[in-house]
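Q: One structure, as structure tokens, below. Some questions next.
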């Protein structure tokens, strides 16, 4: 049980349930009262290897014993090793490490505008998508097409044009001489797990090449194995000029990356920085996560677990009159028909299952990439009960 007075000291930026979590292992969390919860949210796809995986815990222990943060203006081994490995496996030329996906997207915006000054006569406008989500820094919010952001913290940063997602004609019409880049999520997570169509994303890449502008892919949620490939761009057969990573890269600790290719690598000293950027502790964590995801058979196991989970979710969804499912890999959205997502999430919590609702008509599932079949089976049982409980409560009212 939480301390009500202590809870009042926290700024009320999110509605939290009363549980106070004290321990986690794999797909499970325990609260202060000793109750276990099956976690199929994993911090909104942050804990890529689950809660407190041994490989991450040991990497953090070793690094904390040796060096935590020498400062961003000095090299450290973790920074160099992770940079080399990440660029090698993604086919990127340079990387910059940050604390969060929002910061990485902010950095991508800066990098694109710098490139526009060098290579496109000062062009600075970036075309993004309606219902997109790129983070909560001011420029990232300005780039986002999330409706809830429209009236917040005005005036926003100028220079963003928003067009409907999966509409290539609308995007092409929005590109003009002042356009420097197109910035998209391969899967719109906050919009309800909406994937880009193959024709759309490939068409966007061709458009960027023909118009001489940059393609930026926000893979903060979709990257690092979440969609069954190291990067979601691989599923579409496209190649971005700039990619942002976050969430799963740190496996639960604050780490993000800004990747660039070709002449998009144009930052110079003094143009980007941050006190904790690239620190030894976080990059050691990132290297442990990345090496695990790249182990032989790991991504195949993610795809296999995805198929198993999707088959089970489809059965439960049909039983209760919902669906069809959306998403890639272990990032799955379940659209609801005739039920409120927040009520199902609350009922699931009562059943000891943690899921979340990015939209009022959609549930999102983002379990650990290491999730087992038995964990999935247990999730399906609890979800089925949550659907029934939620319906019964509505009927009683």
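The values are calculated or read from the model by the stated rules, or taken from the named source; none is laboratory data. Quantities reported herein were computed from a predicted structural model and do not represent experimental measurements. With ideal geometry, Cβ positions are generated from the backbone for all residues, glycine too; neighbour counts draw on all protein chains shown.
Q: Within segment 254-266, can one find any residue that is surrounded by fewer than 18 Cβ atoms within 10 Å (Cβ to Cβ) and in contact with a strand residue (DSSP E or B) (Cβ under 6 Å, 6 or more places away or on another chain)?
A: Scanning segment 254-266, I find at least one residue that is surrounded by fewer than 18 Cβ atoms within 10 Å (Cβ to Cβ) and in contact with a strand residue (DSSP E or B) (Cβ under 6 Å, 6 or more places away or on another chain), so the answer is yes.
Q: Kindly check whether there is at least one residue in segment 220-241 that is free of Cβ contacts under 8 Å to residues at least 24 places away in the same chain and assigned by TED's automatic domain parsing to the domain that holds residue 119.
A: The answer is yes, given that some residue of segment 220-241 is free of Cβ contacts under 8 Å to residues at least 24 places away in the same chain and assigned by TED's automatic domain parsing to the domain that holds residue 119.
Q: Next question, about the same structure. Out of curiosity, is residue 344 under 23 Å from the mean Cα position of the chain (by Cα) and under 30 Å from residue 89 (Cβ atoms)?
A: In short, no.
Q: Give 384, 375 a once-over and let me know the one that is in contact (Cβ under 8 Å) with a residue 40 or more places away in the chain, touching a helix residue (DSSP H, G or I) at 6+ places or on another chain (Cβ under 6 Å) and more than 30 Å from residue 146 (Cβ to Cβ).
A: Exactly one of 384, 375 is in contact (Cβ under 8 Å) with a residue 40 or more places away in the chain, touching a helix residue (DSSP H, G or I) at 6+ places or on another chain (Cβ under 6 Å) and more than 30 Å from residue 146 (Cβ to Cβ), namely 384.
Q: Follow-up. Out of curiosity, is residue 201 more than 30 Å from residue 55 (Cβ to Cβ), in a helix (DSSP H, G or I) and modelled with pLDDT of 95 or more?
A: yes
Q: Here are some residues: 48, 92, 142. Which one is assigned by TED's automatic domain parsing to the domain that holds residue 181, crowded, with 16+ Cβ neighbours inside 10 Å, in a loop (DSSP other than H, G, I, E, B) and at pLDDT 95 or above?
A: Checking each option against the conditions leaves just 92.
Q: Identify the single condition in (1) at negative phi; (2) modelled with pLDDT under 95; (3) surrounded by fewer than 17 Cβ atoms within 10 Å (Cβ to Cβ) that residue 209 does not satisfy, given that it satisfies every other one.
A: With (1) at negative phi; (2) modelled with pLDDT under 95; (3) surrounded by fewer than 17 Cβ atoms within 10 Å (Cβ to Cβ) applied to residue 209, the lone miss is (2).
Q: Could you say whether any residue in segment 22-39 is in contact with a strand residue (DSSP E or B) (Cβ under 6 Å, 6 or more places away or on another chain) and assigned by TED's automatic domain parsing to the domain that holds residue 217?
A: no
Results for (1) crowded, with 16+ Cβ neighbours inside 10 Å; (2) in contact with a strand residue (DSSP E or B) (Cβ under 6 Å, 6 or more places away or on another chain), shown as yes or no for each residue.
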residue	(1), (2)
282	yes, yes
294	no, no
297	no, no
300	no, no
309	yes, no
319	no, no
324	no, no
330	yes, no
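Q: In addition: All but one of (1) surrounded by fewer than 18 Cβ atoms within 10 Å (Cβ to Cβ); (2) touching a helix residue (DSSP H, G or I) at 6+ places or on another chain (Cβ under 6 Å) hold for residue 355; state the number of the condition that does not hold.
A: Against the list (1) surrounded by fewer than 18 Cβ atoms within 10 Å (Cβ to Cβ); (2) touching a helix residue (DSSP H, G or I) at 6+ places or on another chain (Cβ under 6 Å), residue 355 comes up short only on (1).
Q: Within segment 285-295, identify whether any single residue is closer than 27 Å to residue 197 by Cα and either outside any loop (DSSP other than H, G, I, E, B) or in contact with a helix residue (DSSP H, G or I) (Cβ under 8 Å, 6 or more places away or on another chain) (or both), and answer yes or no.
A: yes
Q: Right, another one. Does residue 342 satisfy the criteria of being surrounded by fewer than 16 Cβ atoms within 10 Å (Cβ to Cβ) and part of a helix (DSSP H, G or I)?
A: Yes, satisfied.
Q: Further question: Of the residues 216, 109, 126, 194, which single one is surrounded by 15 or more Cβ atoms within 10 Å (Cβ to Cβ), over 19 Å from residue 238 (Cβ atoms), assigned by TED's automatic domain parsing to the domain that holds residue 277 and within 24 Å of the chain's Cα centre (by Cα)?
A: After ruling out the rest, the residue left standing is 109.
Q: Assuming residue 23 fulfils every condition listed in (1) over 22 Å from the mean Cα position of the chain (by Cα); (2) closer than 26 Å to residue 243 by Cα; (3) part of a strand (DSSP E or B) apart from one, which condition is it?
A: (2)
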